[in-house]
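The values are calculated or read from the model by the stated rules, or taken from the named source; none is laboratory data. A quick note: this is a predicted structure, and the numbers were derived from the prediction, not measured. A quick note on method: Cβ atoms are made from the backbone with ideal geometry, for glycine too, and the neighbour counts reach across all protein chains shown. The accessibility values were calculated without ligands, DNA or RNA, using every heavy atom of the protein model including side chains. Shrake-Rupley method; radii C 1.70, N 1.55, O 1.52, S 1.80 Å.
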Amino acid sequence: MIYQIYPRSFADGNGDGIGDLVGTTARLESLASLGIDAIWFSPFFKSPQKDAGYDVADYKTIDPLFGTNEEFYDLWAKAKSLGLRIIVDVVPNHSSDQHELFQAALKAAPGSAEREMYIFRDGQGAKGEIPPNNWESVFGGNAWTRIQEPDGTLGQWYLHIFDSSQPDFNWENPKVREFFEGVLSFWLDKGVDGFRIDVAHGLVKQVGLPDVQGAATHVTGEEDQATEHPFWGQEGVHEIIRGWRELLNKYDDRAMCAEAWVLPLSRMAKWVRPDEYHQTFNFGYLETPWDRAALEKVVTESLHEFGKVGAPSTWVLSNHDTIRHTSKYGSPSIPMHGMGIGPDSEQPDEALGLRKARAASAFMLGLPGGAYVYQGEELGLPEHTMLEGKYRQDPTYFRTNGEKVGRDGCRVPLPWEANGGASFGFNTTGKSWLPAPESFKRYARDQQEGVPGSTLELYKRLIKERKQFHLGSGEFRFAPEYSSDSTLGYINNGVLVLSNFGPDSVNLPAGKLLVTTQHDLTVEGVLEHDQTVWIKL
Ligand code: NOJ
Ligand code: CA
């Protein structure tokens, strides 16, 4: 079970309102008590933080905002002593515009070796005033920005699939490959257990950079495998991955997980063929509603498609880019990816959302494969849906003029202590880069620790039983004999996981009740709507 730490929102040691490594180190024991195996850190490298660290200016140095490399090594030593493995986030599709390579490219002439590290092109039109093609940024607006040449004239354009502060590397250039092999080797030599690779489906652009048909989105969303997209899921990506895999194979027991928003799952599975990634985030699963038929379908397809290439499936319900699943399930309709939920949106039903989220988490954590948990979901945190515009930092919000509120709502700092001041124990000063909603007081970790029936205790119990029965590597089958039109059951290593999607209650089958998402563990007998149980048969 891998736990995602979003460093700026986990715990703040120096009280400046932004989470950091010292703060994280101080909270590591509490985290380890959840029973997790590994931590994936979202990027904490040197960065102007235009996209919360996904704009890297130096891949080998920790940003002073979070601490120093030494502080990371201290954190790591402690994590090791607690039996936790460490996964770092590598961002190879683009760097920050402040990276020395991009700065050198700006200073060099068109066509120079420096410019060849990125994707610079002349514009169209008599004066080159029209962008080289029609590509749009994932965050909104044009994917090209025109620069001022060193002599002061308006000149070439550079490509940025994300923010203008995130120029895309030119992966056709062997020097870019060498550069990233250097980055991976650096961290492998230091001993990291693995990598999460950002935008793993976007590195290679179609030759000639042809116009895209239709709007660019983060997800390919194409059901038809023959349809080509000029920058998502290009075949050339796989050769790069194979090179990295060869590199990792030279080390003991290292793994890499792809962030590849590629659908359908049959296509996503190509990313985890035996000589490619070890895992890839199952975004098909993440996007599945809490619905009996849809879940049965996506689990069947995932196990089938990943099984075909001999890879484990992964399971994930929330991360720092998506609406927290508590709020998603409490919403009348699921907002489009990247849209977010803001004060003007229809507000989610918090209690119903939490109930469904707990049931969904219990459904997920019983499945075989790699499970990913995003910080705060173990507390049942909702999205901050009322965050005012003045606090927002996600480039999506600015690049769409507020039309999409973006992802800040799932990135609010964690509440540790209900009476821990305005930031609920995130630090001792009360400062917080995003203010927590008042409701976070109820969700604070100290309100849940040791409290039967709390979401935190539920997660602890689920993770403990998952380990105990080796469900991560278990023998799975759906259990039609325990399922009905409104319930879905599966059996993994002798544990029946049974969910009721409602509306009516049903009687529980015989067996030892291991976990239930709605009562404390002493109450047995019925399975109510939007509830999951684990039963040892
Ligand atoms: C995916 C990351 O998860 C997201 O947070 C980031 O904005 C984009 N990639 C660009 O790096
Ligand atoms: Ca700090």
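For the stretch 23-101, what does the alpha-carbon gyration tensor say about shape, rounded, prolate or oblate, given a ≥ b ≥ c as the root eigenvalues, a/c under 1.5 as rounded, and a/b over b/c as prolate?
Numbers: a/c = 2.58, a/b = 2.11, b/c = 1.22.
Prolate, since a/c reaches 1.5 and a/b exceeds b/c.
Ligands, DNA and RNA excluded, the heavy atoms of K107 present near 150 Å² of accessible surface to a 1.4 Å solvent probe.
Amide hydrogen proximity for H94: with H placed 1.01 Å from N in the peptide plane, the residues at 5 or more positions away or on another chain lying under 5 Å are F169.
Mind checking the per residue accessible area of the stretch 474-535 for me, 1.4 Å probe, whole number of Å²?
Per residue, the stretch 474-535 has an accessible area of 43 Å².
Residue-normalised convex hull volume from the C-alpha trace of the stretch 252-339: 100 Å³ per residue.
Projected label points at A293 and H470, each 7 Å from Cα along the beta carbon direction, are separated by 3.7 nanometres.
Site pair D211 and D485 shows an inter-label distance of 5.0 nm when each label is modelled 7 Å from Cα along Cα→Cβ. Accessible area per residue (1.4 Å probe, heavy atoms of protein chains only) ranks D252, D530 as D252, D530, with the largest value leading. Normalised per residue, the accessible area of the stretch 1-128 is 35 Å², obtained with a 1.4 Å probe and no contribution from ligands, DNA or RNA.
Assuming charge only on the beta carbon of Lys and Arg (+1) and of Asp and Glu (-1), the dipole of the chain about its Cα centre is about 840 debye to the nearest 20. Using a probe of 1.4 angstrom, how much of the accessible area of the stretch 370-505 is carbon and sulfur, in percent? Reported share for carbon and sulfur atoms: 49 percent.
Relative contact order (percent) for the chain, with alpha-carbon contacts under 8 angstrom and 6 or more residues of separation? Relative contact order here is 12 percent.
Taking the C-alpha atoms only, the angle from helix 69-81 to the longest principal axis of the chain is near 30 degrees.
By the gyration tensor of its Cα atoms, with a ≥ b ≥ c the square roots of the eigenvalues, what is the shape of the stretch 440-537: rounded for a/c under 1.5, prolate for a/b over b/c, or oblate? Before the final figure, lay out each step's value.
On the way: a/c = 2.12, a/b = 1.36, b/c = 1.56.
The shape class here is oblate.
Once backbone amide H atoms are built at 1.01 Å from N, Q518 has T532 as its partners under 5 Å, excluding neighbours fewer than 5 places away on the same chain.
Taken one residue at a time, the phi angles of the stretch 442-451 give Karplus couplings (6.51, -1.76, 1.60, θ = phi - 60°) of 5, 8, 3, 4, 5, 7, 10, 4, x, 8 Hz. Gly and Pro are set to x. Taking amide H as placed 1.01 Å from N in the peptide plane, the amide H of L387 sits under 5 Å from none that are at least 5 places away or on another chain.
Which of the listed residues, L387, G474, Q279, is farthest toward the dipole's positive end in the chain, when Lys, Arg count +1 and Asp, Glu count -1 at the beta-carbon? Selected residue: G474.
Both radii are taken from the alpha-carbon atoms of the stretch 328-424; with Rh as the Kirkwood radius, Rg/Rh is 0.99. Net charge dipole, the stretch 209-351: roughly 440 debye, given to the nearest 20, about the Cα centre with Cβ charges of +1 for Lys and Arg and -1 for Asp and Glu. For the chain, the extents of the C-alpha atoms along the principal axes are 77, 54, 49 Å, listed from largest to smallest.
Note on D349 and L247: their simple-model spin labels are 5.0 nm apart, each label 7 Å out from Cα toward Cβ. If you plug the beta carbon distance of D37 and E100 into 1/(1 + (r/R0)^6) with R0 = 35 Å, you get a FRET efficiency near 0.45.
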